[in-house]
Amino acid sequence: MRFRKYLLVPWIAITIYAICSLFTGAAGIGSYRELLEEREMIYGNLADLEDLNRELEGTMDALLYDSETIKIRARELGYGEEPERFVRIVGLPGVRYREIEAGEVKTAKKPSYVSDKPLRVISVLAGLVLFLVFLTGDLLNGSAATRPKLSSPY
């Protein structure tokens, strides 16, 4: 009857492993939360890229269909019409064509998590500690039962 409690030891070890891996394991809550943060960052980058794409489409449409935009852009690049002449003033920054960045490539980083091996070691050690506690309790109770009882004179 008293050996039934020893069946509790592997179940406690398994429960400790399951709880630890639930919170800190590779597929645990912490890793999932980090991946959700990465997903939000990537969605934000996607929105920025969509805004940049709309801006580039507007610039492209303006260059395709608006002759004044083409003239302004040509002047920014240093071109002009036949009677025009350019004067360069040394020391002043010239008007330059604004470079448009293509966007930023972002990838999700691997989430940080506790490896499976330490979790197994912790759960096995917890099971061994529980086993030793049960065994020590049984040995102490067993030695107390074999000790002669002293009767009191009163």
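Some points to look at:
- Unit charges on C-beta of K, R, D, E only; dipole of segment 5-70, Debye: 1160 debye
- Per residue accessible area in Å² of segment 4-75, where ligands, DNA and RNA are left out and the probe is 1.4 Å: 73 Å²
- Spin-label model, LEU49/ALA27: points 7 Å from Cα along the beta carbon direction are separated by 2.9 nm.
The values are calculated or read from the model by the stated rules, or taken from the named source; none is laboratory data. No experiment lies behind these values; they were computed from the predicted model shown. Here the Cβ is made from the backbone with ideal geometry for all residues, glycine too, and neighbour counts use every protein chain on show. Heads up: the accessible areas ignore ligands, DNA and RNA and are worked out on the full protein's heavy atoms, side chains in. Shrake-Rupley method; radii C 1.70, N 1.55, O 1.52, S 1.80 Å.
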